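The values are calculated or read from the model by the stated rules, or taken from the named source; none is laboratory data. Note that the coordinates shown come from a computational prediction; the quantities given were computed from them, not determined experimentally. Cβ sites come from the backbone with ideal geometry, for glycine too, and all protein chains shown count toward neighbours. Please note that ligands, DNA and RNA were not included when accessible areas were found on the heavy atoms of the full protein model with its side chains. Shrake-Rupley method; radii C 1.70, N 1.55, O 1.52, S 1.80 Å.
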Amino acid sequence: MRLPSNITPRIRPVPANKSAILSALDVGTSKVVCLIARLDPLEGSDVLSGRSHRMRVLGIGHQKSRGLKGGTVIDLGEAEKAIRLAVDAAERMAGVQVASAIVNMSGGRIGSQHFAGRVAINRRDVSDSDIQRVIEVASSHAQQNGRAILHALPVGYTLDGAPGIQEPKGMVGDQLEVDLHIAACDPLAAHNLMIAVERGHIQVEALVATPYASSLATLCDDETQLGATVIDIGGGTATIAVYHQGHLVHVDAIAVGGHYITLDIARGLSMRLEDAEKLKCRHAHCIETEADLRDILTIRQVSDDERDQSHSVPLGQLTRIVRPRAEEIVDFVRERLAKAGFPIVSGQHVLITGGTSQLGGLTELARRVFGTQTRVARPVGIQGLPEAAKSPAFSSAVGLLVYPQVAGREFFEAGRSSALGMTGTGGYIARVSQWLRDSF
């Protein structure tokens, strides 16, 4: 049985002159975050990419993640439980019941492909229907590779061999071509995530690739135009978004993240995972400093009789455990980008976000590996976030609220469902059931 590429829902863009209340659900390997926010029309921003609305958080809930590994659901019951708890906390704070949410996708081997489409214009003005036709041609190729399409973004057009055209409408030519960027994932991974959410009676409005969401929350217009790479390092995955001349041109995901550093600490120092996570957050550093030579840490280790005992270890020992894994994560990112044809070059903007970006010395390590300036990126342009949530760990959650403001840039084939505004069009399970009835 072949699953359709268009089974993931499409969200209708938020009208620029209307307000809306939206819910975002960041389902990660280490935590689940639910944000409920009000979007009000904004005159316009020449700094923040794609923002048409002012965002104010009404409610927030976050919960330790369960039932996920590497961004992929491995236990539906546990994942549903964590989602329910996070949503319930946000609902109680906002005084609003969540019926639908925009959800991120980190696992399922997220990746990019570019497809070309070409149509004849016959030496007349390019019309909207011509643009629609050429994108449909490119999209038809994408639908044949068995992947679930998350995003379909036209990068640029070529008219009679002249490339780099952003808006061909009204121009005269003989042949129109398009470069269509498709971000996709494994359909079964997407389906299982949507089932976990909808089992909690929450309709999935859209699935958004985590690197795209994180970039929407952290980048300004200048960075997207000049070229930027956003690396979101979470607990179980490191996801990547690459921008060129204002367009998202590449996404990728690697199933390695901060949780592996926690595991290394737990094994190397014979600690419980919970204690190792606390030690990582408070003291871990991946670059040797003078403090490594003088500072002593008191930790709880598990002895042979499984009783916790206090021990003293030099800070340098912790650094020697953390650094190899941090280097491995950064090297993986560098190699994957080079292999995909998007190597990081000197002068390029590199932003690191996600919970693991706060690891001591990680930006300096990345700067040495990439050979260019690197900074930690936090979500910007949102009001009402608690102080503790203004950290890089919440970038993807905030980006999910930005996504409906830019969804109009994307192409989806006719008939793709839309759920914005809780229109009652039916959830994922209803869409699969209808597809089975139509197909058989």
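Numerical summary
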quantity: Approximate spin-label separation Lys69-Glu327, in nm, with each point projected 7 Å along Cα-to-Cβ; calculated: 2.8 nm
quantity: Of (i) 78, 48, 47; (ii) 61, 52, 47; (iii) 86, 50, 39, the label for Cα extents along the principal axes in Å derived from the coordinates; calculated: (i)
quantity: Derived scalar couplings ³J(HN,Hα) [the stretch 218-223; Karplus, 6.51 cos²θ - 1.76 cosθ + 1.60; whole Hz; x for Gly, Pro]; calculated: 10, 8, 9, 4, 4, 5
quantity: 5 angstrom amide H check on Gly111, placed H, neighbours 5+ away; calculated: Ala184
quantity: Phi to ³J(HN,Hα) by Karplus 6.51 cos²θ - 1.76 cosθ + 1.60 over the stretch 403-410, Hz, x for Gly, Pro; calculated: 3, x, 7, 10, 4, x, 6, 8
quantity: Unit charges on C-beta of K, R, D, E only; dipole of the stretch 242-352, Debye; calculated: 260 debye
quantity: Accessible carbon and sulfur surface of the stretch 364-405 relative to its total accessible area, %, 1.4 Å; calculated: 48 percent
quantity: Entries in Lys64/Lys278; Lys280/Lys339; Lys31/Lys81; Lys81/Lys280 that, when Cα-Cα distance is taken, lie over 21 Å; calculated: Lys280/Lys339; Lys81/Lys280
quantity: Under Karplus coefficients 6.51, -1.76 and 1.60, residue-wise ³J(HN,Hα) of the stretch 379-395 in Hz, glycine/proline x; calculated: x, 10, x, 9, 10, x, 6, x, 4, 5, 9, 8, 9, x, 5, 10, 4
quantity: Point-to-point label distance, His141-Arg272, nm (Cα→Cβ direction, 7 Å offset); calculated: 5.6 nm
quantity: Under 5 Å, built H, 5+ apart or other chain: amide partners of Met105; calculated: Val208, Ala209, Thr210
quantity: Inter-label distance for Ile296 and Arg109, nm, one decimal - labels placed 7 Å from Cα along Cα-to-Cβ; calculated: 5.2 nm
quantity: P(r), alpha carbons of the stretch 202-271 - 5 Å bins starting at zero, rounded %; calculated: 4, 16, 20, 17, 14, 12, 8, 6, 3, 1
quantity: Residue-normalised accessible area of the chain, given per residue in Å² at a 1.4 Å probe; calculated: 44 Å²
quantity: Under DSSP loop assignment and at most 14 Cβ neighbours within 10 Å, longest GluC sites (Glu not before Pro)-free interval of the chain; calculated: 44-287
quantity: Isotropic mean projected area of the C-alpha convex hull, the stretch 151-293 (nm²); calculated: 14.2 nm²
quantity: Student exercise, the chain dipole from Lys, Arg, Asp, Glu Cβ charges, in Debye to nearest 20; calculated: 580 debye
quantity: Ordering of 178-185, 214-221 by packing [mean C-beta count within 10 Å, highest first]; calculated: 214-221, 178-185
quantity: Filtered trypsin sites (Lys or Arg not before Pro), the stretch 13-118: DSSP coil and at most 11 other beta carbons within 10 Å; calculated: Lys18
quantity: With Cα atoms, 0 to 90° folded angle of helix 128-142 axis to the chain main axis; calculated: 50 degrees
